Amino acid sequence: MKEIRTRIAPSPTGMMHLGTARTAIYCWAVARHFGGKFLLRIEDTDQVRSTKEAVQVILDGMKWLNLDYDEGPVYQMDRLARYQEVVDQMLADGRAYYCYATPEELDEMREKQKALGLKPRYDGRWRPENCVGKPIPEGVKPVVRFRNPDEGAVTWNDAVYGPITVQNSELDDLIIMRNGIPTYNFAVVVDDWDMKVSHVIRGADHINNTPRQINIYRALGAEVPVFAHLPLICGQDGQKLSKRHGTVSVLEYEKQGYLPEAIFNYLARLGWGHGNMEKFSRDELAKVFDLSDCSRASARIDWKKLDWLNQQYMKEADDQRLAELTAPRIEARGGKVEGGPSLVEVCALLKSRSATLEKLADAALFFYREPNPDSEAAKASLENGGREALALFGKKLAELPENASSDDVYHVIQAVMTELGCPMKVLATPLRVVVCAADRTPQIDKTLCLIGLKNVCRRIEEGLAKF
Ligand code: GLU
């Protein structure tokens, strides 16, 4: 059987968009499903808009999502000689020709066509048969145009959209090279041909390009790959996803504290489904992935669902890993992780109630800085029995060994409540406000153990003296 080969071919002109990431995931899944190859190609021929930083963003994004590719990255700008070679052959045998029309002339042509109610298209004025004896204008650098067939139609069976037919009369002779740089539609065909890509999977915004590309494949005598176009990703309002809808750059999700496996899962599920699978691993996806299960309707982002999914992955994430991912976020908030309570244990305690790493860092911060309680809140918490409860608790706690368990601390809390006949709240509030200086804490006995009982006793003394 022929090897299944897919590729992701982003243009490094900005961020790595969610749509690109999802396409990459599907390309990866098809390749892995069939035991084939997944390639990365950087389409950097747009010299004005391509940047090194944007290339790095793509490489980082692929790495973050764990999208391992088997070949590449291949850079189109490294392949100029190859495109030139193909163009030269096409020029030599009439599949392509030089066009000397100036931009002003082409504008004029289009205006005339529009005035006549026609669709603007290149009229073939520099096709060899149309310019016999026509002088070549001086000072005009020609472009190379592909000679598109005039008759017939192009049909392909899109793996997502089904059969699509476009009449050749709808297409014109497109520019394939300008100043030695290939245009997208040409470079993509030469590359996919040379790289033996079997499945071209990409956004539906490229559907219009596909018939043009198929004509070039045919002109080159190359085998036409399977095409699969993926509907766009929309915001919750059904409009094309844009910054207005929130985050659209993949790496921004890393900053916001999402786990890559959650984004991977979420994007994979966006516009593709298999039975009632909602939460699945990469390997599970690769096992069942089939392009025919992709939806033809545009996919709508649902941020709440993403948060839910991320929370599920947070819950089951390894504590050590969470600690590593959370430490810099705590430091960025002014916390000092080194020398503080075990972050691994803090993460274990907090992860089931933190939807993202950022929220986890927020919730963990109080463990890593000296408390600076709000004076009003601290005073209020010590009223109505709070002061007595906290003082008694401090006294009893000091009698426990430093390595006492959270159960021991729990029993001390119980003992204070019984002795003073007060409800839990009377003690829990000053513990939270004065000792932890946190809006919320996880289970208080465990929290105090992590802070360290000596520290807790010191904070109680200081708090009672100050407020
Ligand atoms: N460079 C194109 C893009 O980023 C790739 C299109 C394709 O996959 O053919 O949209």
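Any read-out appearing in this document is the output of simple, stated calculations on the displayed coordinates, not a laboratory observation. Since the model is a prediction, treat every value here as computed from it, not as a measurement. Cβ placement follows ideal geometry from the backbone for every residue including glycine, while neighbour counts extend to all protein chains displayed.
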Going residue by residue through the stretch 256-273, the Karplus relation 6.51 cos²θ - 1.76 cosθ + 1.60 with θ = phi - 60° gives ³J(HN,Hα) values, rounded to whole Hz and with x marking Gly or Pro, of 6, x, 8, 8, x, 5, 6, 5, 4, 4, 5, 5, 4, 6, 7, x, 8, x
Given backbone amide H placed at 1.01 Å from N, residues whose amide H is under 5 Å from that of ARG5, ignoring those fewer than 5 places away on the same chain, are LYS37, SER198, HIS199
Applied in sequence order to the stretch 220-233, the curve 6.51 cos²θ - 1.76 cosθ + 1.60 (Karplus, θ = phi - 60°) yields integer Hz couplings, x standing for Gly and Pro, of 8, x, 8, 6, 7, x, 6, 10, 9, 10, 10, x, 5, 9
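Report the extension gain between ASP60 and HIS274 in nm, rounded to one decimal, defined as 0.36 nm multiplied by the number of residues separating them, less their alpha carbon distance. Working shown, then result.
Details: separation 214, 0.36 × 214 = 77.04 nm, distance 2.90 nm.
Length difference between fully extended and current span is 74.1 nm.
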Residue-ordered couplings for the stretch 211-216, obtained by feeding phi - 60° into the Karplus form 6.51 cos²θ - 1.76 cosθ + 1.60 and rounding to whole Hz (Gly and Pro as x), are x, 5, 5, 4, 4, 5
Ignoring GluC sites (Glu not before Pro) buried by more than 14 other Cβ within 10 Å or outside DSSP loops, the longest site-free run in the chain is 4-137
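Given an 8 Å cut-off on Cα distances and at least 6 residues of separation, report the relative contact order of the chain as a percent.
Values: 703 pairs, mean separation 59.4, N = 467.
The normalised contact order for the chain reaches 13 percent.
With +1 assigned to the C-beta of every Lys and Arg and -1 to the C-beta of every Asp and Glu, and no other charges, what is the dipole magnitude of the stretch 168-302 about the Cα centre in debye, to the nearest 20?
On the way: 15 positive and 18 negative charges, 54 e Å.
The calculated dipole for the stretch 168-302 is roughly 260 debye.
Considering every pair of different Cα atoms, what Kirkwood radius, in Å, is found for the stretch 178-310?
Working: mean 1/r = 0.0586 Å⁻¹.
It is 17.1 Å.
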For the stretch 1-140, using Cα atoms only, the Rg and Dmax in Å read 20.9, 59
Unit-weight point scatterers at every alpha-carbon of the stretch 33-85, Debye formula, q = 0.18, 0.19, 0.28, 0.31 1/Å: log10 I(q)/I(0) is -0.69, -0.75, -1.13, -1.22
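With the cut-off at 26 Å, report for the stretch 81-207 the share of all Cα pairs above it, as a whole percent. Don't jump to the answer; show the numbers that get you there.
Numbers: 2436 of 8001 pairs.
When all Cα pairs of the stretch 81-207 are counted, 30 percent exceed 26 Å.
Figure the gain on full extension for ASP78 and GLU331 (residue separation times 0.36 nm, minus the Cα-Cα span) and round it to one decimal in nm.
Working: separation 253, 0.36 × 253 = 91.08 nm, distance 4.20 nm.
Gain in length upon complete extension: 86.9 nm.
Can you tell me the length gained on complete extension of the stretch LYS396 to ARG125, counting 0.36 nm per residue apart and subtracting the Cα distance?
87.9 nm
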Whole-percent tail of the Cα-Cα distance distribution for the chain, cut at 28 Å, equals 64
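Using the beta-carbon distance between LYS255 and ILE136 and R0 = 56 Å, what value does 1/(1 + (r/R0)^6) give for FRET efficiency, to the nearest 0.05? Before the final figure, lay out each step's value.
On the way: r = 55 Å, r/R0 = 0.98.
Given R0 = 56 Å and the Cβ-Cβ separation, E is 0.55.
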log10 I(q)/I(0) for the stretch 310-436, Debye formula on C-alpha points only (no solvent), q = 0.17, 0.21, 0.23 Å⁻¹, two decimals, reads -0.98, -1.14, -1.19
Answer in debye to the nearest 20: the dipole magnitude of the chain about its Cα centre, from +1 Lys/Arg and -1 Asp/Glu charges placed on Cβ, is 540
For the stretch 40-85 the trypsin sites (Lys or Arg not before Pro) that pass both the DSSP coil test and the at-most-16 other-Cβ-within-10 Å test are ARG49
The alpha-carbon center of the stretch 295-358 and that of the stretch 195-260 are separated, in whole Å, by 29
Rounded to the nearest 0.05, FRET efficiency between SER169 and ASP439 (Cβ-Cβ, R0 51 Å) equals 0.15
Counting only DSSP beta bridges with both partners in the chain, the antiparallel fraction in percent, to the nearest 5, comes to 55
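Loop-only trypsin sites (Lys or Arg not before Pro) in the stretch 305-392, please: DSSP not H, G, I, E or B, and at most 12 other Cβ atoms within 10 Å. List each step's numbers first, then the result.
Working: sites: LYS305, LYS315, ARG321, ARG329, ARG333, LYS336, LYS351, ARG353, LYS359, ARG369, LYS379, ARG387; in loops: ARG333, LYS336, ARG369.
Passing both the DSSP loop test and the Cβ count: LYS336.
Run the helix sum for the chain: -39,500 (n - 2.57) per DSSP H stretch of 4+ residues, divided by residue count, reported at 222 nm to the nearest 500 deg cm²/dmol. Write out the running numbers ahead of the final one.
Working: 19 runs with 209 residues, N = 467.
After summing the helix terms and dividing by the residues of the chain, the value is -13500 deg cm²/dmol.
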